[in-house]
Amino acid sequence: MRSLAFYVLFYGGSTLLVSASALAVTARPAWLAEIVRRWGAWHLWCTQKVLGIEVVLDGELPQGPVLIAVKHEAFFEAIDTPRLFAHPAVFAKQELFRIPGWGYSALVYGLIPVAREEGAKTLRQMLALAKQRVEEGRPLVIFPEGTRVRVGTRPRLQAGFAGLYKLLKLPVVPIAVDSGRLYHHVIKRPGRITYKVGETIPAGLPREEVEARVHAAINVLNG
């Protein structure tokens, strides 16, 4: 019953907020960031009050122009991102931008499309957009595993992460999150989801070193 109530409330509210974002894009673009932030806050309220999931932050979240690498076990952390950070620019799958209404709003908001099948061309496009977001003073958020992964697994990072790290010349803040065991399934369970903020990794390290450090840090909650 908790899960059913969550779906009704969260997706019902999301429909209203997506409609509001579509209107904001044409009428009041300056309102878009606040609407997206409210969407993340609404999701957190539904997660805590309806599903009975406590969300705990271990460490201090970075803000400003930095590359943030987040473990990805469930939709939870993707939806929670605009609440955690101030106007984040998230690297998101190209397919999501095809969603009517949401897709165009996401582009205007400043999300960065990732079309992995296009190779080097995609990397150049992502880099250009990412540099624009950095100039705007926004944090960049990436899920370096490329997609959601099963609980307890530690897949290698996608090659695009190291390329962006090298070309953007930004420090990296890795963040572990253990959302999958409670939130990933259709029937969601009460409990605790923890964000663990890792030590900031400086720019300019060799690929093997930065990948190893990020991989270890985002998997520290995999017990």
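So between Phe75 and Glu135, what do we pick up on full extension, going 0.36 nm a residue minus the alpha carbon distance?
18.8 nm
How big is the convex hull of the Cα atoms of the chain, per residue, in Å³?
Looking at the chain, the number lands at 116 Å³ per residue.
Give me, ordered by chain and number, the residues 5 or more places off Ile68 or on other chains with an amide H under 5 Å from its own placed amide H.
The answer is Leu140, Val141, Ile142, Val173.
For the range 68-223, with the dipole built from +1 on Lys and Arg beta-carbon atoms and -1 on Asp and Glu ones, taken about the Cα centre, which of Gly180, Ala212, His72 lies farthest toward the positive end?
The one lying farthest along the dipole's positive direction is Gly180.
Within 15 Å, Cβ to Cβ, of Leu23, how many net charges do the neighbouring residues add up to if Lys/Arg are +1 and Asp/Glu are -1?
The answer is +1.
When DSSP assigns beta bridges and you keep just the ones with both residues in the chain, what percent turn out antiparallel, to the nearest 5?
Antiparallel bridges make up about 20 percent of those DSSP assigns within the chain.
Please list, by residue number, everything in the range 72-98 whose backbone N is under 15 Å from a paramagnetic label point 7 Å out along Cα→Cβ of Arg38.
It comes to 83, nothing else.
Just to be sure I understand the model, the point goes 7 Å from the Cα along the line to the Cβ. What's the resulting Arg156 to Gln94 distance in nm?
The modelled label-to-label distance comes out at 2.3 nm.
Can you tell me the dipole magnitude for the chain around its Cα centre, using point charges on the Cβ only (Lys, Arg +1; Asp, Glu -1), in Debye to the nearest 20?
Rounded to the nearest 20 debye, it is 340 debye.
At R0 = 30 Å, how high is the FRET efficiency between Glu209 and Leu127 if r is their beta carbon distance? Nearest 0.05 is fine.
That gives a FRET efficiency of 0.90.
What does the convex hull of the Cα atoms come to per residue for the range 8-48, in Å³?
Hull volume normalised by residue count: 39 Å³.
Given points 7 Å out from each Cα along the Cα-Cβ axis, report the Tyr11 to Ala86 separation in nanometres with one decimal.
Taking the two extended label points, one gets 3.5 nm.
Compute the signed sum of charges (Lys and Arg +1, Asp and Glu -1) over the other residues within less than 15 Å, Cβ to Cβ, of Tyr7.
Within the 15 Å Cβ shell, the charges total +4.
Mind grabbing the base-10 log of I(q)/I(0) for the range 56-188 at q = 0.13, 0.15 Å⁻¹? Debye formula, identical points on the C-alpha positions, no solvent, two decimal places.
-0.54, -0.72
Taking a point 7 angstrom from the Cα of Arg2 along the C-beta vector, which residues in the range 183-222 have backbone N less than 15 Å away?
183-194
Under a Cβ-only charge scheme (Lys and Arg +1, Asp and Glu -1), can you give me the dipole magnitude of the range 93-199 about the Cα centre, in debye to the nearest 20?
That gives the range 93-199 a dipole magnitude of about 320 debye.
So if we plug the beta-carbon distance of Lys169 and Thr147 into 1/(1 + (r/R0)^6) with R0 = 30 Å, what FRET efficiency do we get, rounded to 0.05?
Efficiency at R0 = 30 Å is approximately 0.70.
Which trypsin sites (Lys or Arg not before Pro) does the range 138-173 hold that lie in a coil by DSSP with at most 12 other beta carbons within 10 Å?
For trypsin sites (Lys or Arg not before Pro) across the range 138-173 that sit outside H, G, I, E and B with at most 12 neighbouring Cβ atoms in 10 Å, the list reads Arg150, Arg156, Lys169.
Laboratory data are not the source of any read-out in this text; all were calculated from the coordinates shown. Computed from a predicted structure; not experimentally measured. In this analysis, Cβ positions are derived from the backbone assuming ideal geometry, glycine residues included, and neighbour counts consider all displayed protein chains.
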